[in-house]
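The values are calculated or read from the model by the stated rules, or taken from the named source; none is laboratory data. Source: prediction; values computed, not measured. Don't worry about glycine lacking a Cβ; one is built from the backbone with ideal geometry, like all the others, and counts go over all protein chains shown. Please note that ligands, DNA and RNA were not included when accessible areas were found on the heavy atoms of the full protein model with its side chains. Shrake-Rupley method; radii C 1.70, N 1.55, O 1.52, S 1.80 Å.
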Amino acid sequence: MTEEVETKDAIKTQEYFVNMGPQHPSTHGVLRLMLELDGEIIKRVIPHIGYIHRSIEKMSEKDSYRQIVHLTDRMDYLSNHMNNEAVCLLVENALEVEVSDRVKVIRTIMSELTRLSSHQLWWGVMGMDLGALTTFLYAFRDREMINDIFEETCGARLTVNYNVPGGVMFDIHPNFQKRVKDFIKHFKTKLPEYDRLLSDNVIFRQRTEGVGILSKEDAISYGVTGPTGRASGFSNDTRKHKPYSAYDRVEFKEILMDKGDTFSRYKSRILEMWESISIIEQLIDNIPEGEIQSPAVKQVIKLPAGEYYQSVETARGELGVYVVSDGQKSPYRLKFRSPGFSNLFVLDHMVRGYKIADLVAMMSTIDLVIPDIDR
Amino acid sequence: MNAIRTYFRDIFHAIKTLLTGMRVTGYYFSHARKEIITQQYPENRDTLKMFDRFRGIVTLEHDENNEHACTGCSACEIACPNGTIEIVSDRVEDPETGKKKKIIDKFIYHYSMCTLCNLCIISCPTDAIKMDPSFEYSTFDRKDLTMILNKPGSQIRKDVK
Ligand code: SF4
Ligand code: SF4
């Protein structure tokens with residue numbers, strides 16, 4: 001008896017490093033995490049980024065403001081409309097141009113559709129990360145309808161490039177309203193299915209509840225925005241605090257949770273989908289008439305010298321665009337404050353003391369898009 | 001006693017949630033024909049219709065007389081963020097008026113560098129170029145993706161200024 005205890009004590013464990021990624025299905029892109037492990041317990045996570053760096057900020061310095069917009073599609077490709085919108089809003093604010101109500105409403109509907117499609121994809125992938133493959137197929141079934149809407153009106157499914165400074169590229173397709181309404185009707189019956197399939201599942205609950213708790217203070221000090229921060233009770237919704245486009249004329253709730261665990265982050269996105277649906281429903285029937293491109297924005301855009309900042313709420317959090325202009329056709333310096341970057345670096349803080357499988361669950365609920373982090 | 005009750009309640013609850021989830025999958029299993037959205041792609045090629053606005057490739061439109069509307073103004077070349085378009089133009093004398101006029105010699109389009117952003121299309125003053133919804137352009141040689149869009153012998157349409 002005593003001998004056995006002795007041998008147990010005599011076993012020395014050694015900490016070691018394991019590379020997770022850059023090619024790993026649950027890092028959702030080319031992200032490399034160096035895990036410092038003690039057995040299966042995570043001591044530290046060191047994210048290594050840069051595998052998909054395309055220097056979008058530097059490229060923007062040679063591009064005109066019209067051209068920059070299409071690069072932003074390629075950052076957070078799941079929030080493509082919001083990224084486009086951020087640059088367009090910045091240019092419009094700098095030039096002090098007011099876009100028509102029609103453009104504002106179209107942009108808002110498009111952004112919310114994008115948010116829905118992003119959250120759908122996230123939900124499917126989240127289930128898949130935790131071992132439920134079916135969720136992925138269901139999410140993609142519903143997401144396909146949104147992609148069709150984009151394809152019909154904007155001409156592309158992912159890299160839409162639909163917003164232009166001063167408006168939108170084309171008017172909405174005649175089928176647009178019908179398609180959106182069909183989708184909303186369809187998705188309203190499917191979203192409760194998401195809950196039945198995953199949210200209530202006992203295995204899923206046990207793997208997510210009480211795991212990876214992020215306190216409100218930490219969320220604020222790490223600058224964690226989006227549903228990830230709101231699940232910790234950090235009220236940061238740009239749509240509420242600094243309304244842009246048509247967000248000041250619609251009613252919606254900012255989803256705030258207080259626990260800050262993996263399940264709250266999951267639940268906040270599910271509830272956010274309901275809010276997006278309600279925003280679209282409020283707007284879709286009364287798209288006002290108006291011009292789709294403001295004539296006040298010239299073909300060659302030169303911003304007055306100075307510094308500009310514009311933030312929008314993407315599906316992942318607050319995306320900020322900061323431009324220093326010296327009065328030329330292209331910005332002197334352009335910087336994106338991407339939500340994914342701040343959200344990724346809270347992972348180390350969150351995951352210490354948990355197991356690798358928990359890391360996968362946490363990473364899913366942070367909802368990382370690697371090109372957004374690397375740019 | 002209480003602990004045992006909780007124990008069994010948890011088990012029943014767990015089984016219930018699992019069955020709820022399985023009912024959803026079961027429904028789709030028994031209604032497998034419902035809501036199929038996947039398409040049998042290479043097989044349905046004949047009937048596959050892309051949306052009109054779908055951006056597949058940039059084309060220079062020619063009418064039945066082998067005429068196009070491109071004046072060689074290079075607006076698209078300037079609008080393109082990637083240097084995808086190269087306009088090689090000549091100056092020739094118009095036989096009627098005797099004035100020098102710009103005409104395109106070659107409209108070179110590097111498809112491999114095109115991000116299909118549509119900026120060239122909206123910048124063209126004469127609507128000479130269009131997005132075509134065709135998309136099957138994979139090839140074994142990158143050189144095949146550099147195309148000359150104006151057809152040999154084509155001319156600018158008379159009414160285009
Ligand atoms: S395609 Fe249009 S924009 Fe381009 S050179 Fe010809 S006329 Fe000009
Ligand atoms: S679609 Fe965009 S990238 Fe392609 S040729 Fe036109 S402007 Fe250039």
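Can you spot the lysines whose alpha carbon is less than 22 Å from A:K216's alpha carbon? Ignore those fewer than 8 places along the same chain.
The reachable lysines, counting only those whose Cα sits under 22 Å from A:K216, are A:K240, A:K242, A:K253, A:K259, A:K267.
Go through the stretch B:11-108 and name the trypsin sites (Lys or Arg not before Pro) that are in a DSSP coil and have 15 or fewer other Cβ atoms within 10 Å of their Cβ. Before the final figure, lay out each step's value.
Values: sites: B:K16, B:R23, B:R33, B:K34, B:R45, B:K49, B:R53, B:R55, B:R91, B:K99, B:K100, B:K101, B:K102, B:K106; in loops: B:R33, B:K34, B:R45, B:K49, B:R53, B:R55, B:K99.
In loop regions of the stretch B:11-108 (DSSP not H, G, I, E or B), the sparsely surrounded trypsin sites (Lys or Arg not before Pro) are B:R33, B:K34, B:R45, B:K49, B:K99.
Determine the relative contact order of the stretch A:262-359: mean sequence separation of Cα pairs under 8 Å and six or more apart, normalised by residue count, in whole percent. Mind showing how you got there, number by number?
Details: 82 pairs, mean separation 15.8, N = 98.
Reported relative contact order: 16 percent.
Give me the one-decimal nm value for the distance between modelled label points at B:L145 and B:I15, 7 Å along each residue's Cα-to-Cβ direction.
For the pair B:L145/B:I15, the computed spacing is 5.8 nm.
Taking every alpha carbon pair in chain B, what does the distance histogram look like in 10 angstrom bins from 0, in percent?
The calculated distribution, bin by bin, is 9, 25, 21, 11, 9, 9, 7, 5, 3, 1, 0.
Quick one: putting +1 on the C-beta of Lys and Arg, -1 on the C-beta of Asp and Glu, what dipole do you get for the stretch B:1-125 around its Cα centre, in Debye to the nearest 20? Each step should come with its number before you reach the end.
On the way: 16 positive and 16 negative charges, 271 e Å.
Dipole magnitude for the stretch B:1-125 comes out near 1300 debye.
Taking each residue of B:10-22 in turn, how many C-beta atoms of other protein chains fall within 10 Å of its C-beta, and what is the average? Provide the component values of the computation, followed by the final result.
Values: counts 1, 1, 0, 3, 5, 1, 2, 8, 4, 0, 5, 14, 4.
What the average comes to for B:10-22 is 4.
Count, for each residue of A:154-160, the Cβ atoms from other chains sitting within 10 Å of its Cβ, then give me the mean as a whole number. Could the numbers behind the result be given before it?
Values: counts 5, 13, 10, 2, 0, 4, 3.
For this peptide, the per-residue mean of nearby foreign Cβ atoms is 5.
Can you put A:R230, A:R141 in order of accessible area, largest first, using a 1.4 Å probe? List each step's numbers first, then the result.
Numbers: A:R230 0, A:R141 25 Å².
Largest to smallest exposure gives the sequence A:R141, A:R230.
Just the number, please: percent antiparallel of the DSSP beta bridges in the stretch B:57-156, rounded to the nearest 5. Kindly include the intermediate steps, with their values, before the conclusion.
On the way: 16 of 18 bridges.
Approximately 90 percent, going by the DSSP bridge assignments.
Show which lysines lie in cross-link reach of B:K34 when reach means a straight Cα distance below 23 angstrom and same-chain residues fewer than eight apart are skipped.
A:K178, A:K181, A:K185, A:K188, A:K190, B:K49
At a threshold of 8 angstrom on Cα-Cα distance, excluding pairs fewer than six apart, so keeping six or more, what relative contact order does the stretch A:2-374 reach in percent?
Details: 715 pairs, mean separation 96.5, N = 373.
This gives 26 percent for the stretch A:2-374.
For A:A296, what charge total do you get from the other residues with a beta carbon under 12 Å from its beta carbon, if Lys and Arg give +1 and Asp and Glu give -1? Write down the numbers at each step before the final one.
Working: positive: A:K298; negative: A:E92, A:E96, A:E98, A:E291.
Net charge in that neighbourhood comes out at -3.
Which whole number gives the average, over all residues in B:109-117, of C-beta atoms from other chains lying within 10 Å of the residue C-beta? Before the final figure, lay out each step's value.
Working: counts 0, 0, 0, 0, 0, 0, 7, 5, 12.
Whole-number average of other-chain Cβ neighbours for B:109-117 is 3.
DSSP beta bridges in the protein assembly as shown, what fraction antiparallel, as a percent rounded to 5?
Details: 47 of 49 bridges.
Once the DSSP bridges in the protein assembly as shown are tallied, antiparallel ones form about 95 percent.
Calculate, axis by axis, the spread of Cα positions in the protein assembly as shown along the three principal axes, and write the results as whole Å, longest axis first.
Taking the Cα atoms of the protein assembly as shown, the three principal extents are 110, 52, 51 Å.
Compute the relative contact order of chain B as a whole-number percentage, counting only Cα pairs closer than 8 Å that sit 6 or more residues apart in sequence. The partial results should precede the final answer.
Numbers: 192 pairs, mean separation 44.2, N = 161.
Over chain B, the number comes to 27 percent.
For chain B, what is the calculated [θ] at 222 nm in deg cm²/dmol (nearest 500), taking -39500 (n - 2.57) for each run of four or more DSSP H residues and dividing by its residue count?
Numbers: 3 runs with 39 residues, N = 161.
Estimated from H runs of four or more residues: -7500 deg cm²/dmol.
Place the peptides A:263-276, A:17-30 in order of packing, highest mean first, counting for every residue the other Cβ atoms within 10 Å and averaging per peptide. Intermediate values should be presented prior to the final figure.
On the way: A:263-276: 21.7, A:17-30: 15.6.
Ranked by mean Cβ neighbours within 10 Å, highest first: A:263-276, A:17-30.
Quick test of your reading: applying the under-4.7 Å Cβ rule, which cysteines of chain B are isolated?
Unpaired cysteines in chain B: B:C70, B:C73, B:C80, B:C114, B:C117, B:C124.
Provide A:I56, B:I108, B:I11 ordered by accessible surface of protein heavy atoms (probe 1.4 Å), highest first.
Values: A:I56 5, B:I108 30, B:I11 65 Å².
From most accessible down to least: B:I11, B:I108, A:I56.
When the accessible area of the protein assembly as shown is split by element with a 1.4 Å probe, what percent falls to carbon and sulfur? Present the calculation step by step, with values, prior to reporting the outcome.
Details: 14100 of 25900 Å².
That share works out to 54 percent.
Can you give the calculated 222 nm mean residue ellipticity of chain A, where each DSSP H run of n ≥ 4 adds -39,500 (n - 2.57) and the sum is split over every residue, rounded to the nearest 500 deg cm²/dmol? List each step's numbers first, then the result.
On the way: 16 runs with 181 residues, N = 375.
Mean residue ellipticity at 222 nm (helix-derived): -14500 deg cm²/dmol.
For A:K302, give me every one of the aspartates and glutamates with a C-alpha distance below 15 angstrom, ignoring sequence neighbours fewer than eight places off in its own chain.
A:E61, A:D63, A:E92, A:E96, A:D326
Report, in degrees rounded to the nearest 10, the 0 to 90 angle that the Cα long axis of helix B:2-30 makes with the longest principal axis of chain B.
With both axes taken from Cα atoms, the answer is about 40 degrees.
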